[in-house]
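Below is one structure, written out as structure tokens; the observations come after it.
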Amino acid sequence: RGMALVPLLTFLPLYLANDVGLSAFVRAAYIGLLIAIGIVAKPVAGYLSDKLGRKQILAPGLLWSGAITLLLIFFGEGVVLPVLIALLGLFVYPDQPILTAAFLDLVDDEVVSTALGIASFVGFLLSALTPMVVGALYEFVGVSAALYYIGSLFFVAAILLVPLKLTRPDTVAV
């Protein structure tokens, strides 16, 4: 998920400036819209995750983010653009608390901070190079290639999530 989110947030302002031709103010408003929708959607997604299950919210949300990213290829200008950005905000930010909760569901209370630290470190390592990959795709192949790559990463994250068991394994009494 981080491998998709980090390049998306790096790429989106460049796309809005270079390909769509938006002013700095409008770009900032669109990024603000993305974040504002995410802020409002976080508690709703969290509530649904608590009631329905982590995977039942995460997997469709990752697929949603991938699909909306791909729609930017075909409808990334005009009046549809802010709608797509708002739709993207519905899940691109709200998934982080759910991922953290899913992780906390899996680890013992005695190692929560250590486990989160390791997970954050691994996530950073996995996502550190993707903005450069997207930048190279954008510069040498084009905007569509960059968006296909980002959207594909969201889809891969969803596919990898589906077979995972997101509940704490039963402990064996000794």
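Assorted remarks:
- Other residues within the sphere of radius under 13 Å centred on the Cβ of Ala146, judged by their own Cβ, net out at -2 (K and R +1, D and E -1).
- Relative contact order (percent, whole number), the chain, Cα cutoff 8 Å, 6+ residue spacing: 38
- Radius, Kirkwood style, for the range 9-112 when every pair of distinct Cα atoms is counted (Å): 14.7
- Per the Cα gyration tensor, the range 87-174 maps to an equivalent ellipsoid with semi-axes of 33, 15, 12 Å, ordered largest to smallest.
- Only protein atoms count toward the accessible area here, which uses a 1.4 Å probe; on the range 113-173, the carbon and sulfur part of that area reaches 74 percent.
- Dividing the C-alpha radius of gyration of the chain by 2.2 N^0.38 Å, with N its residue count, gives 1.11.
- Over the chain, dividing the summed -39,500 (n - 2.57) contributions of all DSSP H runs of at least 4 residues by the number of residues returns a 222 nm mean residue ellipticity of -26000 deg cm²/dmol.
- Dipole of the chain, positive end: most advanced residue of Ala59, Ala4, Gly78 [Cβ charges, Cα centre]: Gly78
- Annotation for the range 1-42 versus the range 131-147: alpha-carbon center distance of 16 Å.
- The stretch between Leu125 and Ala67 holds 18.4 nm of extra length on full extension. This uses 0.36 nm per residue minus the Cα-Cα distance.
- Share of pairwise Cα-Cα distances greater than 18 Å in the range 1-69 is 49 percent (whole percent).
- Here the gap between Val111 and Val79, fully extended at 0.36 nm per residue and compared with their Cα-Cα distance, gives a gain of 6.7 nm.
- Other residues whose C-beta falls under 13 angstrom from the C-beta of Val20 contribute a net charge of -1, scoring Lys and Arg +1 and Asp and Glu -1.
- Label point at Leu164 placed 7 Å out along Cα→Cβ; residues across the range 56-94 whose backbone nitrogen lies under 18 Å: 56-66, 91-94
- Full-extension gain in nm, Ala36 to Met132, via 0.36 nm per residue minus C-alpha separation: 31.9 nm
- The lysines whose alpha-carbon is closer than 20 Å to the alpha-carbon of Lys42, local same-chain residues fewer than 8 away aside, are Lys51, Lys55.
The values are calculated or read from the model by the stated rules, or taken from the named source; none is laboratory data. This is a predicted model, so every value here is computed, not measured. Cβ coordinates were reconstructed from backbone atoms using ideal geometry, including for glycine residues, and neighbour counts include every protein chain displayed. Side chains included, ligands, DNA and RNA excluded: accessible areas come from the protein's heavy atoms. Shrake-Rupley method; radii C 1.70, N 1.55, O 1.52, S 1.80 Å.
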